[in-house]
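Single-structure report; data block below.
The values are calculated or read from the model by the stated rules, or taken from the named source; none is laboratory data. Keep in mind that this is a model prediction, so the values were computed, not measured. When we count neighbours, we look across all protein chains shown, and the Cβ atoms used for this are built from the backbone with ideal geometry, even at glycine.
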2 protein chains.
Amino acid sequence: MAFSPLVDELVESLRCLPGVGQKTAQRMAFHLLERGRGGGERLATALQGAMSGVRRCNSCQNFADTEICNLCADEKRRTGTLCVVESPSDLLAIEQAGYYDGSYFVLMGHLSPIDGIGPQEIGIEQLLKRVRGEGVTELILATNPTVEGEATAHYIADRLEGQNVLITRLAHGIPVGGELGYVDGFTLSHAFRGRKPLAD
Amino acid sequence: MAFSPLVDELVESLRCLPGVGQKTAQRMAFHLLERGRGGGERLATALQGAMSGVRRCNSCQNFADTEICNLCADEKRRTGTLCVVESPSDLLAIEQAGYYDGSYFVLMGHLSPIDGIGPQEIGIEQLLKRVRGEGVTELILATNPTVEGEATAHYIADRLEGQNVLITRLAHGIPVGGELGYVDGFTLSHAFRGRKPLAD
C-alpha cells in the first residue's frame, strides 16, 4: 500500500490475529478508520492493558489480573472437587453451562511430546500437589475427547494411582437437541454402552 | 467471564472489528495472551498511531498521513487522467493490478439518499473543482457495478455535461480465467455486446 505507512503498519499488525489474512486485515483497518475510530482507540487501550497486566493465577493457572483469580478466591465454590480443563475457553464453556460449582485447574494445553510439551510445560506437578495438599476428593478430567486430551487424562490418572481420589471423565453420548442421523458412529456406540433406565 | 476484567475488556473491544462476534473475539484474545503478546503490543501501538494520525488527503480524499498523500504527490503519475473509486480498497485493487498510472479520487462511499448520503457527503463538488481546475482530459468512473455505484457514476457524468472531458466507465465482460458456465446472464450479455475482432 503506497498511500500511508500508518495504514500499512495497522494492516500488518492486524494479521497477528488468528484467522486474519491480508484481505481481512485491510477490511478491518478501513472499517476502523472510516467508521470506528472510537472502537479502535478503545481496542488499543484494552490491548495494552491486557498484554501487560494479565498473568497466570497461582492456584489454577488460568488468566488472571491478580495473584489468585476470582474463581479460586470465591469462597462459595466447593474446593473438594477439581475440574481439569485444557484451556480458558473450555473453562468458560463449563461456567456458562452453569452446572459445575467446584474449582478448576487449567492446563493451558495438553501433552504433546512431538511438540516438546511434557508434564512440566502444562503444570501437572502443580496439579498433583494441589490434589494431594488440598483434600480433593474428586478429580474431573475434562480434557478434550481427542487423542492428546485422552493421553493427558490417562497420564494424570496414572500419576494419581493409589491415592484416595475419585477420578472421573465427562460422559460421552448424543448431544442434547442433536439428530441421530448426524451423530458419528463412535459417539453412538458410546451412547449405547452408556444407556440408562428411563426413570433415571 | 468471571476471571479477569482485563480479559473481559479485551474481548469486548475486539468485537468492534467487522465480522468478529463473541466467540471469535474470545479466540483472538486467548490467542494473543497465550502465544502472541508481542503481536498484541505491536497492534496496540499501530492502532493508536493510525487512529490519531491518519487523515484524508486534501487532493484525493484517500487516507493519508500527510496533507497530500504519496500517490497525489508522486510526480510520475499522469495528472490528465483521473480515476474515481468508491473506497480505498478499490484503489488498492487497481494499484495492485499495475496497469493504471493516472491520479485518483476516492469518494469514500456512493450516493445513497435513503441513508442521507448526497453529493456533499462524498465530496463531488471537490471532484468537479479538480476536473475543471487541473486540466483533466479523461475521467474514469470506476464506481462499483451496483445500483448505487451506477447512479453515482451517472450523477457525476450529468454534472460534467458540456465540459470538454472524456468520461469513461470500466468494461464489463467475462473475468479472465472464469468459466462461461458460472458467469451470470447480465455479464454474458455485456460480453456479447462488447465483443471484439480476434486481432484486437
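Structural remarks
- Number of residues in segment B:101-135 that are of a type outside the set (S, T, N, Q) and touching a residue at least 24 places away in the same chain (Cβ under 8 Å) equals 20.
Residues checked against (1) farther than 20 Å from A:T66 by Cα; (2) surrounded by fewer than 16 Cβ atoms within 10 Å (Cβ to Cβ):
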| residue | (1), (2) |
| --- | --- |
| B:S13 | yes, no |
| B:G19 | yes, yes |
| B:K23 | yes, yes |
| B:A29 | no, no |
| B:L32 | no, no |
| B:M51 | yes, no |
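- Every listed requirement among (1) modelled with pLDDT of 90 or more; (2) more than 30 Å from B:A50 (Cα to Cα) is met by A:G135 save one, (1).
- A:S89 vs. criteria within 11 Å of another protein chain (Cβ to nearest Cβ), within 16 Å of A:T143 (Cβ to Cβ) and without any contact (Cβ under 8 Å) to a residue 60 or more places away in the chain: yes
- Only one of B:R35, B:R77, B:R55 that is farther than 30 Å from A:N58 by Cα and at pLDDT below 90: B:R77
- Count of segment A:1-11 residues which are at the interface with chain B (Cβ under 7 Å from one of its Cβ atoms) and in a helix (DSSP H, G or I): 5
- The residues of segment B:60-86 that are closer than 15 Å to B:A142 by Cα and either away from chain A (no Cβ under 11 Å) or surrounded by fewer than 20 Cβ atoms within 10 Å (Cβ to Cβ) (or both), listed by number, are B:T81, B:L82, B:C83, B:V84, B:V85, B:E86.
- For B:V106, the conditions (1) more than 8 Å from every other protein chain (Cβ to nearest Cβ); (2) closer than 30 Å to A:A93 by Cα all hold with the exception of (2).
- Test: residue in segment B:130-146 that is of a type in the set (D, E, K, R) and buried (at least 16 other Cβ atoms within 10 Å of the Cβ): yes
- Sole residue being modelled with pLDDT of 90 or more and farther than 30 Å from A:G19 by Cβ, chosen from B:Q48, B:Q61, B:Q22, B:Q26: B:Q61
- Residues satisfying the stated conditions in segment A:30-57, i.e. within 7 Å of another protein chain (Cβ to nearest Cβ), touching a Phe, Trp or Tyr at 6+ places or on another chain (Cβ under 8 Å) and more than 28 Å from A:F3 (Cα to Cα): A:V54
- Each residue in segment A:12-29 was checked for being part of a loop (DSSP other than H, G, I, E, B) and at the interface with chain B (Cβ under 7 Å from one of its Cβ atoms), and 3 pass.
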